[in-house]
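Below is one structure; the comments refer to it alone.
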Amino acid sequence: MKKIGVLIVMVLLLAGLMGCGNVSQPAGPTGNDGSTGAVGSTGQFSQAEVDAAIAVVEEFFATSVPFPGSELVEVRFEQLVCDSQVELYMTTGRGSVLGVERQDVIVLISAIQEGNMVSGCLWILVREGPGEPWRIDDYGY
């Protein structure tokens, strides 16, 4: 079952990386320090909102233990991936019971390198309302 989940995430990651009509630009410095963040064009969130969400993921990854020995290669926002994942989150996930509004949920995708393998990871972040800080509600492969 976990293999199917990983396969689905990888397909979503590949679809997002193929462009889906989005033009990507680096949002941060490039290099091997895990601080690269690329974002696609967004209509729902401002660039500052996307950058703030990416910063939360980067900070969590840098200071938490769930990914020992791994490197955060990229964190990315893709509108189509976000829309489909927010829909799932709001109808069948924790969003259906938390009472959070759709405009206060953002989904990011990342590439995490563990040894020779690179895996995709989805990050669901929520906030109390526009202008409030993002917090990670869920993440996984």
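Run V100 past the list (1) closer than 22 Å to S64 by Cβ; (2) assigned to a loop (DSSP other than H, G, I, E, B); (3) not hydroxyl-bearing (S, T, Y) and report the number of the one that doesn't hold.
Unmet condition: (1).
Could you look through the stretch 118-137, keep only residues that are surrounded by 14 or more Cβ atoms within 10 Å (Cβ to Cβ) and at pLDDT below 95, and pick out the one that is nearest to the chain's Cα centre (by Cα)?
Only one residue tops the list, namely C121.
I'm checking my understanding of the structure. Among residues of the stretch 102-117 that are in contact (Cβ under 8 Å) with a residue 40 or more places away in the chain and under 12 Å from F45 (Cβ atoms), which one is nearest to the chain's Cα centre (by Cα)?
Here is the first cut: in the stretch 102-117, the ones in contact (Cβ under 8 Å) with a residue 40 or more places away in the chain are 103, 106, 108-115.
Pick out the ones that are also under 12 Å from F45 (Cβ atoms) and you get 103, 106, 108.
Values: Q103: 15, I106: 8, L108: 2 Å.
Going through the qualifying residues, I end up with L108.
Report yes if F67 is modelled with pLDDT under 90 and either under 17 Å from the mean Cα position of the chain (by Cα) or under 18 Å from A55 (Cα atoms) (or both), otherwise no. Before you say what the answer is, go through the steps one by one.
Details: modelled with pLDDT under 90: yes; either under 17 Å from the mean Cα position of the chain (by Cα) or under 18 Å from A55 (Cα atoms) (or both): yes.
Taking the combined requirement at face value, the residue satisfies it.
Just to check your reading of the model, which residue among L80, L72, L98 is surrounded by fewer than 16 Cβ atoms within 10 Å (Cβ to Cβ) and within 15 Å of the chain's Cα centre (by Cα)?
Numbers: L72 fails: surrounded by fewer than 16 Cβ atoms within 10 Å (Cβ to Cβ); L98 fails: within 15 Å of the chain's Cα centre (by Cα).
Going through L80, L72, L98 in turn, just one is surrounded by fewer than 16 Cβ atoms within 10 Å (Cβ to Cβ) and within 15 Å of the chain's Cα centre (by Cα): L80.
The values are calculated or read from the model by the stated rules, or taken from the named source; none is laboratory data. Model, not experiment: these values are computed from the prediction. When we count neighbours, we look across all protein chains shown, and the Cβ atoms used for this are built from the backbone with ideal geometry, even at glycine.
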